[in-house]
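K.L.:
One structure follows; several queries about it will come next.
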Amino acid sequence: MRLVDRQEFDATIVAAREIQVFTDGACSGNPGPGGWGALLRQDGIGTELSGGELATTNNRMELTAAISALNATPKNAVTLITTDSQYLKNGIESWIATWIRNSWKTSTGQSVKNQDLWTALYAYCQERRVTWAWVKGHSGSPENERVDTLAKQALARTMLAARRYTHPI
């Protein structure tokens, strides 16, 4: 696979052909600082995305990775997202319909955590043809290992930026 910058990737993708997406999130403490990573690939060309937040959870980073990846794909795109997060996959494939029907309440009557991100993810999925796949984390999948690395690097950058902000040089 040839990695290109986001602008070149955007210029080459074709919405009618499947875009493969791999996502992961990382967190130091839960809650704590976090990072996310995504790899988008089509026809042997790919691009990588990542980012982080200072105060977050691992689940929020998993959701953010998927949202950010879908934001980088055109509307009506055929997209396969592979994740190692069963929370993400089960949430969007199975649980979200019930949450919406129950006014964002769980089966026990509690408010759904991360509703803001679930709402955004659901909206992106409505505009695209998204399918989901799960892969066991740290099981040798090169793409999953890469997005894990991207998420951890983003986490490290977030922590470093926070230290610089808190303790200027």
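K.L.:
Using a Förster distance of 45 angstrom, determine the FRET efficiency expected from the C-beta separation of SER111 and ASP43, and round it to 0.05.
P.N.:
Values: r = 42 Å, r/R0 = 0.94.
According to the calculation, E is roughly 0.60.
K.L.:
Neighbouring Cβ atoms within 10 Å as the yardstick, rank THR98, THR82, THR23, THR56 fewest first. Display every interim value, and only then the final one.
P.N.:
Working: THR98 12, THR82 20, THR23 31, THR56 24.
With the fewest neighbours first, THR98, THR82, THR23, THR56 line up as THR98, THR82, THR56, THR23.
K.L.:
Which is farthest toward the positive dipole end of the chain among ILE13, ILE92, SER139, measuring Cα position about the Cα centre, with Cβ charges +1 (Lys, Arg) and -1 (Asp, Glu)?
P.N.:
The one lying farthest along the dipole's positive direction is ILE92.
K.L.:
On to the next question. Mind checking region 84-169 for chymotrypsin sites (Phe, Trp or Tyr not before Pro) that DSSP puts in a loop (not H, G, I, E or B) and that have at most 16 other Cβ atoms within 10 Å?
P.N.:
Here the sparse-neighbourhood loop sites are TRP104.
K.L.:
Would you list which aspartates and glutamates come within 14 Å of LYS113, measuring only between C-alpha atoms, while excluding same-chain residues fewer than 8 positions from it?
P.N.:
LYS113 reaches GLU62.
K.L.:
Also, I was wondering about something else. Here are several values of P(r) over Cα pairs in 10 Å bins from 0, in percent: (1) 9, 35, 39, 15, 2, 0; (2) 11, 37, 35, 15, 3, 0; (3) 12, 44, 35, 9, 0. Which one was derived from the coordinates shown?
P.N.:
(2)
K.L.:
Based solely on its DSSP helices, what 222 nm [θ] is calculated for the chain when runs of n ≥ 4 H residues each add -39,500 (n - 2.57) and the sum is averaged over all residues, nearest 500 deg cm²/dmol?
P.N.:
-12500 deg cm²/dmol
No lab work stands behind these numbers, since they all come straight from the coordinates. None of the values given here were measured: they were computed from a predicted structure. All Cβ positions, glycine included, derive from the backbone under ideal geometry; neighbour counts span all protein chains shown.
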